[in-house]
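Asks: Have a look at the structure that comes next, please.
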Amino acid sequence: MKEKPLVTICLHTGKLKNYPLIENFIKSFLVCNFYENVELMLIESSGSKELRTWFENLDFEDFFVNFSGKKSNIKKRKNISIKKSLKFYDFPETDLWFQCYTKSIQRAINDASGKYFCFFAEDNQFTIKGNIIDDYIKILEEENNFKSFVHFFGQQKYKFFKENNYFSKIPQTIEDIKYFKPSHKWDFWSLTLKENYEKIGSLKESTKDKPHNTIEEYSRRTKDQNFVRVYPKIPHGIWFHNKSNQKIINMIKSNHNNPDFICYKIIDKSEAIEIFKDNMPISTDDYLQKVCL
């Protein structure tokens, strides 16, 4: 059987206090991921020795070990290859957090080994089990690999109704995979070919005066180059609301005696198809309402 193309999933952190979210991200990934060939790039950009040592000690051939040192019963599937890649980026102390973040994106693009690339902070959780990444690649191939990108996690519901996110309520379909194409706005929290970033060009760095330079510049360039943006009907997980992070951190800490604890309930792709039958991409709000509450 032909080997699947390597997919680089980058997880960036610059805050030691967010270690519970990092645990949650990685454990949920190990449970949910069925895609066979992944590079998991763990990025630390604040100089935290504690986080860097933890990352160095993680062994994805063994059971996952939490930040506290407690070993869980969570492990990747036998047929899954996960290449651990560590990137410790050091920036001037005068850089603000968002400058470190956007600079890390560009470095990660350059350093990634995968044919496909995506970049995340720790405020996401994988919630749907299945070969969702393979579904994403099929969508990209259908929409022209060299001119498309697909959202990886479900967004907060209000974002679907913003002007630049408008999409037809009639989904397009490949096999059992449904997806929607909204109006244009690029984001880095999507899956696309790594080489697409070479065509788009290097990042325009964020500055203290213009913190959104990076995203705004990419959105303009990709729109000018006629890239297609895609929402999958079934995303691989959810994107936390901005005000939820501390609540989730506290929830995870309160379950420290259970090293297997994952914040939100995980379901199979087939179950998600049965639960979410309307012609809308699954949002974070929908998932929390119909599955977790």
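Asks: Scan segment 259-271 and report the pairs whose first residue is touching a residue at least 40 places away in the same chain (Cβ under 8 Å) and of a type in the set (Asp, Glu) and whose second residue is part of a loop (DSSP other than H, G, I, E, B) and open to solvent by 40 Å² or more (accessible area, probe 1.4 Å), with Cβ atoms within less than 6 Å and a gap of 6+ or a chain change.
Replies: Matching pairs, first to second residue: Asp260/Asn73.
Asks: Give segment 68-94 a look and list any residue that's more than 20 Å from the chain's Cα centre (by Cα), crowded, with 16+ Cβ neighbours inside 10 Å and of a type outside the set (Ser, Thr, Tyr), or say none.
Replies: Start the filter on segment 68-94 by keeping residues that are more than 20 Å from the chain's Cα centre (by Cα), which leaves 68-73, 78-79, 90-94.
Retained after the next criterion (residues that are crowded, with 16+ Cβ neighbours inside 10 Å): 72, 91.
Answer for segment 68-94, where residues must be more than 20 Å from the chain's Cα centre (by Cα), crowded, with 16+ Cβ neighbours inside 10 Å and of a type outside the set (Ser, Thr, Tyr): just Phe91.
Asks: If you scan segment 40-68, which residues turn out to be aliphatic (A, V, I, L, M), within 10 Å of Thr13 (Cβ to Cβ) and without any contact (Cβ under 8 Å) to a residue 60 or more places away in the chain?
Replies: Applying the first criterion (aliphatic (A, V, I, L, M)) to segment 40-68 yields 40-43, 51, 58, 65.
Of the ones still in play, those that are also within 10 Å of Thr13 (Cβ to Cβ) are 42-43, 51.
Leu42, Leu51, listed by residue number.
Asks: Filter segment 260-279 for residues that are assigned to a loop (DSSP other than H, G, I, E, B) and more than 16 Å from Pro232 (Cα to Cα) and give the result. I'd like the intermediate steps shown before the answer.
Replies: Taking segment 260-279 and keeping what is assigned to a loop (DSSP other than H, G, I, E, B), we get 260-266, 276-279.
Within segment 260-279, Asp260, Phe261, Ile262, Cys263, Tyr264, Lys265, Ile266 meet the criteria.
Asks: Which residue is nearest to Pro281 (Cα to Cα), if the candidates are limited to segment 216-270 and must be among the small types (Gly, Ala, Ser) and out of contact with any Phe, Trp or Tyr (no Cβ under 7 Å at 6 or more places or on another chain)?
Replies: Initial filter on segment 216-270 (among the small types (Gly, Ala, Ser)): 219, 237, 244, 254, 270.
Checking the rest, the ones that are also out of contact with any Phe, Trp or Tyr (no Cβ under 7 Å at 6 or more places or on another chain) come to 244, 254, 270.
Details: Ser244: 21, Ser254: 32, Ser270: 15 Å.
Out of the qualifying residues, it is Ser270.
Asks: Can I ask one more? Give segment 171-218 a look and list any residue that's under 20 Å from Tyr116 (Cβ atoms), among the polar types (S, T, N, Q) and open to solvent by less than 50 Å² (accessible area, probe 1.4 Å), or say none.
Replies: Ser190, Thr192, Asn196 - these are the residues of segment 171-218 that are under 20 Å from Tyr116 (Cβ atoms), among the polar types (S, T, N, Q) and open to solvent by less than 50 Å² (accessible area, probe 1.4 Å).
Asks: In segment 223-230, is there at least one residue being more than 18 Å from Ser148 (Cα to Cα), over 19 Å from the mean Cα position of the chain (by Cα) and not in a helix (DSSP H, G or I)?
Replies: At the first step, the residues of segment 223-230 found to be more than 18 Å from Ser148 (Cα to Cα) are none.
Scanning segment 223-230, I find no residue that is more than 18 Å from Ser148 (Cα to Cα), over 19 Å from the mean Cα position of the chain (by Cα) and not in a helix (DSSP H, G or I), so the answer is no.
Asks: Considering only segment 280-293, how many residues are in a loop (DSSP other than H, G, I, E, B) and exposed (fewer than 12 other Cβ atoms within 10 Å of the Cβ)?
Replies: Residues of segment 280-293 in a loop (DSSP other than H, G, I, E, B): 280-283, 293.
Among the residues that remain, those that are also exposed (fewer than 12 other Cβ atoms within 10 Å of the Cβ) are: 293.
Number satisfying all stated conditions: 1.
Asks: So if I check each of Ile267, Ile248, Ile238, Ile273, which one is open to solvent by 30 Å² or more (accessible area, probe 1.4 Å) and among the β-branched types (Val, Ile, Thr)?
Replies: Step by step, each of Ile267, Ile248, Ile238, Ile273 is checked, and only Ile273 is open to solvent by 30 Å² or more (accessible area, probe 1.4 Å) and among the β-branched types (Val, Ile, Thr).
The values are calculated or read from the model by the stated rules, or taken from the named source; none is laboratory data. Nothing here was measured: the structure is a model prediction, and the numbers come from that model. No Cβ is skipped: glycine too gets one built from the backbone with ideal geometry, and neighbour counts run over all protein chains shown. Just the protein is used for accessible areas: all its heavy atoms, side chains included, with ligands, DNA and RNA removed. Shrake-Rupley method; radii C 1.70, N 1.55, O 1.52, S 1.80 Å.
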